[in-house]
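Colleague: Questions regarding the structure given below will be posed in turn.
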Amino acid sequence: MTGLHGRSFLKELDLAPAEWTGLLDLAAELKAAKRAGTETQRLRGKNIALVFAKTSTRTRAAFEVAAYDQGAHVTFLDPTASQLGHKESVKDTARVLGRMYDAIEFRGEAQADVETLAAHAGVPVLNGLTDDWHPTQMLADHLTMREHAPVVDGRRKADAELVLAYVGDGRNNTARSVLVAGALLGLDVRVVAPVPLQPAADVVAAARQVAARTGARLAVTDDVAAGVAGADFVYTDVWVSMGEPPAVWAERIALLRDYQVNAGLMAATGNPAAKLLHCLPAYHDLGTAVGREVHAQTGMDALEVTDEVFEAHAEVIFDQAENRMHTIKAVLVATLA
Ligand code: CP
Ligand code: NVA
C-alpha cells in the first residue's frame, strides 16, 4: 500500500517522496473513516512499546489513541520507571523490547539512539522526536496544510503551489524536519532565522538533493520580510528546545526577538489569508512557568508568537495537533498492518 510494511520510521530522508505522500493519503483516509464511524481495526493483537526519554503530551497521546483505535495495545516506558539509559544500554533494551513488541516508538535526545534501537530490535522503530528530527510532526503539518490550503478560483492549491515560511530557531529538530519534509512534498519552503540559528550546511544540502527530485524550492534567510513574503503558512516553534539548558534563554531571546510571530510579521506575508502553524507546546501567554519566568526577567508576555496572533489562528493550530493522531495512526498501519 505505502511500501513501508516492516520498516522503521526514523527520519524523513529515509523515505521516497511517493512514500511520504502515501502516508498523507492514508492519514486522510483514516481520519475520514474515524469521523464516519467506519474505521477498520488493522492492528488487533499488536503490542507497541512507547519509550519516552523526554516529556510529551501530543505525541504520547497520539500514539496511544491511534493504537487503541486500531485495536493494538501499548506500554508506556520512561527513564524514571525503566532501566533505559542508566542501567541498560540502548542496544540491550532494543533486543529485549524486540522480543515482546511488534513496534517501538522512541523519543529521546540522540538520533543515534533511535538508529541503534532500529538496528537491534528486529521490529519497526518509530521516531517520536530526537534532537535532530521530528518526522511524525511533519506528517501532521502537511496533512493540515492540505486541509487548509487556499482555494483559488474554486480549486484547492496543490502541494507544489504552497509556500511555507518557518520562522525562529532554524537549527532545532522541527526546523530541520520542516526543510527536508518540505522538500519531499515539493513545497516552497523558507527557513527564516538569524545567521547563528540557521540550519547546518549538511541539512540544507540533503534537503536540496531531495528538492532536485521533487521540484521543491528551498531558501534560508535572515530577512524576515523577504522570507515570509507570499507565504500561505507561517510556522514557528519554541526558541529553546527540550534538553537545552535554561541558561540559553537570554541569548536566544536577544537573537530571536525580531523573529517573533506577531501582527506585523503576519502582515509582512502580504497575504491576509496566511495561516499559522505551531507544533506546540507554545509560549504565547503567561500560562506556563517558563513564560512567567521570562516575563519577570524581560517583560515579554509572549515569546515566539503573540497571544493575539496565536488565538486568531487557533483553529488551524489545534487541527494540526489533532492531526498528530491521524498521521501517527497512518505510520502504525503502514508499518505494522
Ligand atoms: N508537538 C509535539 O511533539 O508535542 P509533545 O512534545 O507534547 O509530544
Ligand atoms: N523543538 C521543540 C519541539 C517540541 C515538539 C523541542 O524539541 O522541544
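The values are calculated or read from the model by the stated rules, or taken from the named source; none is laboratory data. On a predicted model such as this, the values are computed, not experimentally measured, just so you know. Note that we place each Cβ from the backbone using ideal geometry, even for glycine, and neighbour counts take in every protein chain shown.
Colleague: For Gly291, only one of the following conditions fails: (1) away from ligand 2 (no atom under 16 Å from the Cβ); (2) over 21 Å from Gln137 (Cβ atoms). What is its number?
Modeller: The one condition Gly291 does not meet is (1).
Colleague: Here's another thing I want to ask about it. Quick one: what pairs do we get from the range 69-81, first residue in contact (Cβ under 8 Å) with a residue 60 or more places away in the chain, second surrounded by 14 or more Cβ atoms within 10 Å (Cβ to Cβ) and part of a helix (DSSP H, G or I), C-beta under 8 Å, 6+ apart or different chains?
Modeller: Asp69/Lys34; Asp69/Lys329; Gln70/Lys329; Gln70/Leu332; Gln70/Val333; Ala72/Leu332; Ala72/Leu336
Colleague: Now a separate question. Determine the pairs where a residue that is closer than 20 Å to Glu251 by Cα, located within the range 279-296, has a partner that is among the aromatic types (Phe, Trp, Tyr) and crowded, with 17+ Cβ neighbours inside 10 Å with Cβ atoms under 6 Å apart, the partner being 6 or more residues away or on another chain.
Modeller: Pairs found: His284/Phe310; Gly291/Tyr283.
Colleague: If you go through the range 28-40 one residue at a time, do you hit one that is at pLDDT 95 or above and within 16 Å of ligand 1 (Cβ to nearest atom)?
Modeller: Step one: of the range 28-40, the residues at pLDDT 95 or above are 28-40.
Among the residues that remain, those that are also within 16 Å of ligand 1 (Cβ to nearest atom) are: none.
No; the residues of the range 28-40 include none that is at pLDDT 95 or above and within 16 Å of ligand 1 (Cβ to nearest atom).
Colleague: I would also like to ask the following. Report the residue count in the range 35-68 for those that are without any contact (Cβ under 8 Å) to a residue 40 or more places away in the chain and of a type in the set (S, T, N, Q).
Modeller: Residues in the range 35-68 being without any contact (Cβ under 8 Å) to a residue 40 or more places away in the chain and of a type in the set (S, T, N, Q): 3 in total.
Colleague: Sort out which residues of the range 211-233 are among the aliphatic types (A, V, I, L, M), closer than 23 Å to Pro272 by Cβ and surrounded by 19 or more Cβ atoms within 10 Å (Cβ to Cβ), and write them in order of number. Steps first, please.
Modeller: Going through the range 211-233, the residues among the aliphatic types (A, V, I, L, M) turn out to be 211-212, 216, 218-220, 224-226, 228-229, 231.
The next check asks that each one be closer than 23 Å to Pro272 by Cβ; those that pass are 219, 224-226, 228-229, 231.
Correct list: Val224, Val228, Ala231.
Per-residue answers, yes or no, for (1) of a type outside the set (D, E, K, R); (2) modelled with pLDDT under 95; (3) closer than 30 Å to Val163 by Cα:
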site	(1), (2), (3)
Leu50	yes, no, no
Thr55	yes, no, no
Tyr68	yes, no, no
Ala72	yes, no, no
Ala94	yes, no, no
Gly108	yes, no, no
Gln137	yes, no, yes
Arg146	no, no, yes
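Colleague: Here's something else I'd like to know. Considering only residues that are under 22 Å from Ala110 (Cα atoms) and among the small types (Gly, Ala, Ser), which ones fall in the range 231-264?
Modeller: Listed by number, the residues that qualify are Ser241, Gly243, Ala247.
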